[in-house]
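Asker: The structure that follows is given in the form of structure tokens.
The values are calculated or read from the model by the stated rules, or taken from the named source; none is laboratory data. Not measured: the values here are computed from a predicted model. FYI the Cβ positions are ideal-geometry reconstructions off the backbone, even for glycines, and counts take in every protein chain you see.
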Amino acid sequence: MGVELITNVSEYEKLAKEKLPKMVYDYYASGAEDQWTLKENRDAFSRILFRPRVLIDVSHINMATNVLGFNISMPIMIAPTAMQRMAHPEGELATARAAASAGTIMTLSSWATSSVEEVNSVGPGIRFFQLYVYKDRTIVRQLVRRAEMAGFKAIALTVDTPRLGRREADIKNRFTLPPHLVLKNFEGLDIGTMDKTNDSGLASYVASQVDRSLCWEDVKWLQTITSLPILVKGVMTAEDTRLAVENGAAGIIVSNHGARQLDYVPATISCLEEKNVHAHLDQNCQGYI
């Protein structure tokens, strides 16, 4: 028999569960704590219904749009997802090729298992770099510089992770990055003295170094070390949207981190109405994703 034809995106989840080791599948699939928001992320879409209009000429359809001045083929982009080589040997490289082929933007996780240089080597494409701010700002400067040199076009600053969410599946599985993989963007960086007694190595060390004191002043500071536009990723309220604008962000990414951080928060799609009604985006902010 031939390979089963996939006709729906949701079928990938079933195939992944069959093929991936449990620890890896659970890392990709699970959310924080009771996973209420994980379920709500999907359920909220089911409450939004189409209001179809008829007798409109649809013989030629154009879904192209513009994000931060970049023309893309459709209003669909690839969000940062860590450690993709746990699922496939080509990992982020395959994702980068697919995004370029589809004519859209890929955001590379700083916790990727392929480096910015490796992703750049697959060929042309519009790519953003997702960034955490670390206690040692020298690490941040090095990461931003590497992203710039590799041709990345924007920085997506994740702000909803002062500490990792309580992902109970990962706790039960004692999740660690498989030993044949590494967080490639941290290879070769000056990261000071790493605790060699830590069995989980670089990945655990990097996660422990995320700066919990991150605040709006750091958004301003980031603008002093790069000319790339800064997107603030993890905004869910109109109040924080205004603050992002006031602090010089080029835009925001409305996100609850795939329900992997704080549980019992609204689905991302549910937050957009608040921003449409209340957020006052001035000419300095180019919009939100």
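Asker: For residues that are hydrophobic (A, V, I, L, M, F, W, C) and farther than 28 Å from Ser30 by Cα, tally how many sit in the range 229-256. Give the derivation first.
Answerer: At the first step, the residues of the range 229-256 found to be hydrophobic (A, V, I, L, M, F, W, C) are 230-232, 235-236, 238, 243-245, 249-250, 252-254.
Checking the rest, the ones that are also farther than 28 Å from Ser30 by Cα come to 230, 243-245, 249-250.
Qualifying residue count, the range 229-256: 6.
Asker: Take the residues of the range 48-68 that are touching a residue at least 40 places away in the same chain (Cβ under 8 Å) and in a loop (DSSP other than H, G, I, E, B): which is surrounded by the most Cβ atoms within 10 Å (Cβ to Cβ)?
Answerer: Of the range 48-68, the ones touching a residue at least 40 places away in the same chain (Cβ under 8 Å) are 48, 67-68.
Restricting the remaining residues to those that are in a loop (DSSP other than H, G, I, E, B) gives 48, 68.
On the way: Ile48: 8, Leu68: 18.
The selected residue is Leu68.
Asker: While we're here: Pairs only if they're at least six apart or on different chains, beta carbon under 6 angstrom, first in the range 14-32 and under 18 Å from Pro179 (Cα atoms), second of a type in the set (Lys, Arg) and surrounded by fewer than 18 Cβ atoms within 10 Å (Cβ to Cβ); list them, first residue then second.
Answerer: Going by the 6 Å Cβ cut-off, the qualifying pairs are Tyr25/Lys17.
Asker: Search the range 104-131 for residues that are under 26 Å from Val219 (Cα atoms) and among the basic types (Lys, Arg) and pair each with any residue that is part of a strand (DSSP E or B) and at pLDDT 95 or above when their beta-carbon atoms are under 9 Å apart and the residues are at least 6 apart or on different chains.
Answerer: Hits for this filter: Arg127/Met106; Arg127/Thr107; Arg127/Leu108.
Asker: Determine which member of the set Ala102, Ala112 is buried (at least 17 other Cβ atoms within 10 Å of the Cβ) and either closer than 26 Å to Thr161 by Cα or of a type outside the set (Asp, Glu) (or both). Write out each step before concluding.
Answerer: On the way: Ala102 fails: buried (at least 17 other Cβ atoms within 10 Å of the Cβ).
Criteria check complete, one pass: Ala112.
Asker: Filter the range 1-47 down to residues that are at pLDDT below 95, part of a loop (DSSP other than H, G, I, E, B) and in contact with a helix residue (DSSP H, G or I) (Cβ under 8 Å, 6 or more places away or on another chain), then give me how many there are.
Answerer: Within the range 1-47, residues that are at pLDDT below 95, part of a loop (DSSP other than H, G, I, E, B) and in contact with a helix residue (DSSP H, G or I) (Cβ under 8 Å, 6 or more places away or on another chain) number 1.
Asker: Still on this structure: Determine which single condition Phe45 fails, assuming it passes every other condition in (1) exposed (fewer than 13 other Cβ atoms within 10 Å of the Cβ); (2) touching a Ser or Thr at 6+ places or on another chain (Cβ under 8 Å).
Answerer: Tallying (1) exposed (fewer than 13 other Cβ atoms within 10 Å of the Cβ); (2) touching a Ser or Thr at 6+ places or on another chain (Cβ under 8 Å), Phe45 fails exactly one: (2).
Asker: Can you find a residue that is polar (S, T, N, Q) and farther than 18 Å from Asn185 by Cβ anywhere in the range 76-93?
Answerer: No, the conditions are met nowhere in the range 76-93.
Asker: Now, a different point. When only residues in the range 260-288 that are under 22 Å from Ile105 (Cα atoms) and either crowded, with 19+ Cβ neighbours inside 10 Å or among the basic types (Lys, Arg) (or both) count, which is modelled with the highest pLDDT?
Answerer: Result: Thr268.
Asker: Does the range 182-199 hold any residues that are within 21 Å of Asp26 (Cβ to Cβ) and either at pLDDT 95 or above or loosely packed, with under 14 Cβ neighbours inside 10 Å (or both), and which are they?
Answerer: Asp199
Asker: Next question. Which members of the range 139-184 meet the condition of being part of a helix (DSSP H, G or I), farther than 20 Å from Trp221 by Cβ and not acidic (Asp, Glu)?
Answerer: Residues of the range 139-184 that are part of a helix (DSSP H, G or I), as a first pass: 139-149, 168-173, 184.
If we keep only those that are farther than 20 Å from Trp221 by Cβ as well, we get 149, 168-173, 184.
Selection gives Met149, Ala169, Ile171, Lys172, Asn173, Lys184.
Asker: Is the range 239-258 home to any residue that is in contact (Cβ under 8 Å) with a residue 24 or more places away in the chain, assigned to a helix (DSSP H, G or I) and under 19 Å from Glu40 (Cα atoms)?
Answerer: yes
Asker: Let me ask something else. Please enumerate the residues belonging to the range 200-219 that are aliphatic (A, V, I, L, M), modelled with pLDDT under 95 and part of a helix (DSSP H, G or I).
Answerer: Leu202, Ala203, Val206, Ala207
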